[in-house]
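Trainee: Just passing along the structure, written as structure tokens.
The values are calculated or read from the model by the stated rules, or taken from the named source; none is laboratory data. Remember, it's a predicted structure, so these values are computed and weren't measured experimentally. Positions of Cβ are backbone-derived with ideal geometry, glycine not excepted, and every protein chain shown enters the neighbour counts.
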Amino acid sequence: DAKTTQPPSMDCAEGRAANLPCNHSTISGNEYVYWYRQIHSQGPQYIIHGLKNNETNEMASLIITEDRKSSTLILPHATLRDTAVYYCIVRPGPTRNAGNMLTFGGGTRLMVKP
Amino acid sequence: ETGVTQSPTHLIKTRGQQVTLRCSSQSGHNTVSWYQQALGQGPQFIFQYYREEENGRGNFPPRFSGLQFPNYSSELNVNALELDDSALYLCASSPRGPAGGRNEQFFGPGTRLTVL
């Protein structure tokens, strides 16, 4: 599986954009980039995913570089409730064995401050 | 539409005992995965069930086993508990079969297991 590298922690001021980077230099052609977050004492929550094009939904935007070796999750207007651990995951290509397996790294602990 | 639910929320066992954790998948979801999350670490994949059969397994010993029922709910069983089994156990369901490239997983709140 491709590995991901994320900074262990980041701070962001409330109301400002939070930009969370992720390096995945060994990603292969059929692997997607997924982002999940885990708020304290809860299970992980899906945020967004992409293959090669930039993606946007009601929660966030995902910017993937043209060479696909890195990506950035953007929370456009961070709130205190966005304080969480954010995981960047490269999902294995579809196979019969463990096709849905998510390999979590250490993630980035985002602290949104008033 | 109810989300993924897990029971119990907390559990205390002693070393050597056996434990069963339960998960009800989100309505319409036929694939269930289990993860172990030690304190301060990311979740680690244990195994996945699809159509009542194990369909993928992480690096966990055979004393970790599971079941999936016709209604897609699932159980995680751990035999011969060890102190290192103390963790948050997460269940996740997804709406399609295991080979989908765009499947997102919906996680339950987890069961916190403490082994003394």
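Trainee: Looking at this structure, is B:Ser73 in contact with a His (Cβ under 7 Å, 6 or more places away or on another chain) and modelled with pLDDT under 95?
Mentor: No.
Trainee: Counting just the residues of region A:10-31 that are hydrophobic (A, V, I, L, M, F, W, C) and closer than 14 Å to A:Thr103 by Cβ, which one comes out surrounded by the fewest Cβ atoms within 10 Å (Cβ to Cβ)?
Mentor: Only one residue fits best here, namely A:Ile27.
Trainee: Would region B:102-113 turn up any residue that is within 11 Å of another protein chain (Cβ to nearest Cβ), closer than 29 Å to A:Thr5 by Cβ, within 10 Å of the chain's Cα centre (by Cα) and part of a loop (DSSP other than H, G, I, E, B)?
Mentor: yes
Trainee: Give the number of residues within region B:5-36 that are under 21 Å from B:Ser65 (Cβ atoms), outside any strand (DSSP E or B) and modelled with pLDDT of 95 or more.
Mentor: 6
Trainee: I've got another one for you. Out of region A:64-80, which residues are over 14 Å from A:Ser25 (Cα atoms) and surrounded by fewer than 16 Cβ atoms within 10 Å (Cβ to Cβ)?
Mentor: Residues satisfying the conditions are A:Pro76, A:His77, A:Thr79, A:Leu80.
Trainee: Of everything in region B:65-75, what is in a strand (DSSP E or B) and either over 16 Å from B:Tyr35 (Cβ atoms) or under 10 Å from the mean Cα position of the chain (by Cα) (or both)? Give them in sequence order.
Mentor: B:Ser65, B:Gly66, B:Leu67, B:Ser74, B:Glu75, listed by residue number.
Trainee: Of everything in region A:37-67, what is of a type in the set (Lys, Arg) and within 20 Å of A:Phe104 (Cβ to Cβ)? Give them in sequence order.
Mentor: Answer for region A:37-67, where residues must be of a type in the set (Lys, Arg) and within 20 Å of A:Phe104 (Cβ to Cβ): just A:Arg37.
Trainee: For B:Leu39, indicate whether it is outside any strand (DSSP E or B), within 14 Å of chain A (Cβ to nearest Cβ) and either of a type in the set (A, V, I, L, M) or over 23 Å from A:Ile39 (Cα atoms) (or both).
Mentor: It is true that B:Leu39 is outside any strand (DSSP E or B), within 14 Å of chain A (Cβ to nearest Cβ) and either of a type in the set (A, V, I, L, M) or over 23 Å from A:Ile39 (Cα atoms) (or both).
Trainee: Separate question: Just the residues that are out of contact with any Lys or Arg (no Cβ under 7 Å at 6 or more places or on another chain), aliphatic (A, V, I, L, M) and more than 13 Å from chain B (Cβ to nearest Cβ), please, taken from region A:69-92.
Mentor: If the condition is that a residue be out of contact with any Lys or Arg (no Cβ under 7 Å at 6 or more places or on another chain), aliphatic (A, V, I, L, M) and more than 13 Å from chain B (Cβ to nearest Cβ), then A:Leu73, A:Ile74, A:Leu75, A:Leu80 are the ones that fit.
Trainee: Which condition does B:Ala38 not pass, out of (1) touching a strand residue (DSSP E or B) at 6+ places or on another chain (Cβ under 6 Å); (2) free of Cβ contacts under 8 Å to residues at least 60 places away in the same chain; (3) exposed (fewer than 12 other Cβ atoms within 10 Å of the Cβ), if it passes all the others?
Mentor: With (1) touching a strand residue (DSSP E or B) at 6+ places or on another chain (Cβ under 6 Å); (2) free of Cβ contacts under 8 Å to residues at least 60 places away in the same chain; (3) exposed (fewer than 12 other Cβ atoms within 10 Å of the Cβ) applied to B:Ala38, the lone miss is (3).
Trainee: If you don't mind, another one. Could you please find all residues in region A:32-61 being of a type in the set (Gly, Ala, Ser), surrounded by fewer than 19 Cβ atoms within 10 Å (Cβ to Cβ) and within 28 Å of B:Leu88 (Cβ to Cβ)?
Mentor: A:Ser41
Trainee: How about region A:1-74: which strands (runs of 3 or more DSSP E) wholly inside it have at least 2 residues that are in contact (Cβ under 8 Å) with a residue 12 or more places away in the chain and touching a His at 6+ places or on another chain (Cβ under 8 Å)?
Mentor: Output list reads A:32-38.
Trainee: Looking for something assigned to a strand (DSSP E or B), touching a residue at least 60 places away in the same chain (Cβ under 8 Å) and of a type outside the set (A, V, I, L, M) - is there at least one such residue anywhere in region B:43-62?
Mentor: No, there is no match, as no residue in region B:43-62 is assigned to a strand (DSSP E or B), touching a residue at least 60 places away in the same chain (Cβ under 8 Å) and of a type outside the set (A, V, I, L, M).
Trainee: Across region A:35-46, what is the number of residues that are out of contact with any Leu (no Cβ under 7 Å at 6 or more places or on another chain) and facing another protein chain (nearest Cβ under 9 Å)?
Mentor: Looking only at that region, the number is 7.
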